[in-house]
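Structure first, then comments.
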Amino acid sequence: MDDRLTVGVVGVGHLGRHHARLLAATPGARLVAVADVDADRARAAAEATGALACTDYRDLIGRVQAVSVAVPTVAHAAIAREFLEAGVDVLVEKPMTTTLAEAEALVALAEARGRVLAVGHTERFNPAVAAALPLIGRPRFIEIHRLSGFPERSLDIDVVFDVMIHDLDIVLAIDPSPVVSVEAVGVPVLSSKVDIANARLRLESGCTVNLTASRISRDKVRKARFFQRDAYVAIDYGDQELDVWRVTPREGERPAIEGGPVAVEKGEPLGRELADFVEAVRTGRPPRVSGRDGYRALELATCVAGAIDEGLAAQRSAES
């Protein structure tokens, strides 16, 4: 008998088609159906993976045990809720919902029904990040830059929820202490929503975090640097490279700075994320990025976006 987990994908556009491709190749899973309101997209993804094509995501209910939801953010809550209520385990792309109330309701529903709810914060599965996390302890300063060109995908959310939220999740995974202050600026440039933003966070632990996110840059940069006592850790998300430098005391001499590149076994983060989700459903263990993790990242992103909105409102008032 085929004991693989039956899975489906809802939304096979810019990102969802990769969900379908990778789930079709994930050990322990069998992709049985994909759904998209665009029949041609659904058909193309189905033909590429051997799955059934649907234009109504509800047709997956009763066919799948688990589902990946990769539709525009505004539809995340409603679609994820229907699957959870039907007893289907869910991975929902980031940001998990448009509002904190929706996210809280999904977490509560998943816990009440005993279902797995995972959130697609893919950078947690970046091999360079995975190799770096055990080496980072109590950083005092974190600086992260995530810059890219104007996206082809939907612009239904601003750059904080679209791009910066990846790094907010990484910060929370490294230092879960409460955020005591948020300062942020951002501006719309090529869309009606904020396209470039900078945030400065201060954590109760004493760590200061500076983040810059842009989707209007000529150059593509995805780097994070962590400064802690006697050590410096640098991650290149895109190239999946890791550098670690440490201060080594030397008796009778000035301390030496030693280190360099750390070996990283490269791989596709999204594939690792989906494999983690499949394993979590099959074994009953929590996913690496849970619904509660997704909620916390959304909560912090909402604080950053709120600070930006306050600044923009003050600027408009001063100009009027």
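The values are calculated or read from the model by the stated rules, or taken from the named source; none is laboratory data. Every value quoted in this text rests on a predicted model; they were computed, and no experiment measured them. With ideal geometry, Cβ positions are generated from the backbone for all residues, glycine too; neighbour counts draw on all protein chains shown.
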Requested in this report: Can you tell me which residue within region 76-104, out of those that are among the hydrophobic types (A, V, I, L, M, F, W, C) and either outside any helix (DSSP H, G or I) or closer than 10 Å to residue 295 by Cβ (or both), is farthest from the chain's Cα centre (by Cα)?
Outcome: 86
Report summary line: How many residues of region 265-294 are more than 20 Å from residue 23 (Cβ to Cβ) and crowded, with 19+ Cβ neighbours inside 10 Å? The answer is 1
Query raised in the report: Before we move on, is residue 49 more than 25 Å from residue 151 (Cα to Cα) and either over 17 Å from the mean Cα position of the chain (by Cα) or not assigned by TED's automatic domain parsing to the domain that holds residue 166 (or both)?
Result: yes
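Between 299, 273, which is at pLDDT 95 or above, within 11 Å of residue 100 (Cβ to Cβ), acidic (Asp, Glu) and in a helix (DSSP H, G or I)? Steps first, please.
Working: 273 fails: within 11 Å of residue 100 (Cβ to Cβ).
Only one candidate qualifies: 299.
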Query raised in the report: Can you name the residue in region 237-251 that is not in a loop (DSSP other than H, G, I, E, B) and not β-branched (Val, Ile, Thr) and, of all such residues, is farthest from residue 161 (Cα to Cα)?
Result: 250
Query - Hits in region 195-236 (condition: part of a loop (DSSP other than H, G, I, E, B) and out of contact with any Asp or Glu (no Cβ under 6 Å at 6 or more places or on another chain)) - result: 204, 206, 217, 218, 219, 220, 229, 230
Report summary line: Within region 229-252, residues within 25 Å of residue 124 (Cβ to Cβ) and either among the aliphatic types (A, V, I, L, M) or not assigned by TED's automatic domain parsing to the domain that holds residue 134 (or both) come out as 231, 233, 234, 235, 242, 244
Query raised in the report: Of the residues in region 17-31, how many are crowded, with 23+ Cβ neighbours inside 10 Å and either at pLDDT below 95 or more than 18 Å from the chain's Cα centre (by Cα) (or both)?
Result: 2
Query - Selection within region 59-75 - in a helix (DSSP H, G or I) and touching a Lys or Arg at 6+ places or on another chain (Cβ under 9 Å) - result: 73
Query raised in the report: Quick one: in region 242-262, which of the residues that are exposed (fewer than 10 other Cβ atoms within 10 Å of the Cβ) and modelled with pLDDT under 85 is farthest from residue 133 (Cα to Cα)?
Result: 252
**Report entry** Residue in region 224-241 that is at pLDDT 95 or above, surrounded by fewer than 21 Cβ atoms within 10 Å (Cβ to Cβ) and of a type in the set (Val, Ile, Thr) present
**Finding:** no
